[in-house]
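A.B. asks: The following block contains the structure, expressed as structure tokens.
The values are calculated or read from the model by the stated rules, or taken from the named source; none is laboratory data. The structure presented is a predicted model; accordingly, all values stated were derived computationally and were not measured. Ideal geometry is used to build each Cβ from the backbone, glycine not excepted, and the neighbour counts take in all protein chains shown.
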Amino acid sequence: MKQLLQWTIIIPILSWALLFSGLIENSTLFQIVASILLILSVMSAVHHSEIIAERVGEPYGTIILAISITVIEVSIIVSLMLSEGSEAASLARDTVYAATMLILNGIIGLCLLIGSIKHYEQNFSPSSVTIGLVSLISIIVFTLVFPTFTESVHGSYYSTPQLIFASIACLIIYGSFLFAQTKGYRQYFLTNTTNEDESKTHPIEINNKTFYTSL
């Protein structure tokens, strides 16, 4: 654990040092080193998020990981949009679309493949999957599908009132999902048994002593 913590602390420090080093940003060497440090910094941030997620336990650990990944992605998108100017107006939408496709097809597909190789047969909660998919599909439709059919603004864009409505709707949908995950239907997302009767399942307990012992 000490070795992991060392590189996860050193890498962000090196990134800040490169930022204030005074090197020419347009140089090839700067871009290569910056790209490597960016990837390693993201990995170190995710590592720290995983430690916090393990300590607080589920389902809050999953929420922390989701927020950390979202903050990282949004930060990168905003920085690119600021550097590219008006030419990058559609960058956020295109990036979210690409990430959605990679998650739904690539990451989930790999999880199913690797899980089937390792466990042959996997159990899951149909209720939690249904809640998650309904929330995800609703947000995707609001953000990626509906703008194609609107006519208030030229192109696949929302007008300002439409954008405000879509933003509020997505926040309500995600808020409802978080309520179901943490309060209303928490038992659907936390199971440590193969019993198909979800009403008889109970949460997985994670404490600090067990977590640090496992490390």
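A.B. asks: With respect to Thr160, determine if the residue is in the same structural domain as Tyr174 (by TED's automatic domain parsing), farther than 24 Å from Ile72 by Cα and loosely packed, with under 13 Cβ neighbours inside 10 Å.
C.D. replies: When the stated conditions are applied, Thr160 passes them.
A.B. asks: If only one of Leu91, Leu80, Leu104, Leu136 is surrounded by 11 or more Cβ atoms within 10 Å (Cβ to Cβ) and either among the polar types (S, T, N, Q) or modelled with pLDDT of 85 or more (or both), which one is it?
C.D. replies: Checking each option against the conditions leaves just Leu136.
A.B. asks: Restricting attention to segment 65-74, does a residue exist that is assigned by TED's automatic domain parsing to the domain that holds Ala17 and touching a residue at least 24 places away in the same chain (Cβ under 8 Å)?
C.D. replies: yes
A.B. asks: Only residues that are farther than 26 Å from Phe177 by Cα and either in contact (Cβ under 8 Å) with a residue 60 or more places away in the chain or not small (Gly, Ala, Ser) (or both): list them for segment 100-155, please.
C.D. replies: Leu113, Ile114, Ile117, Lys118, His119, Tyr120, Glu121, Phe149, Thr150, Glu151, Val153, His154
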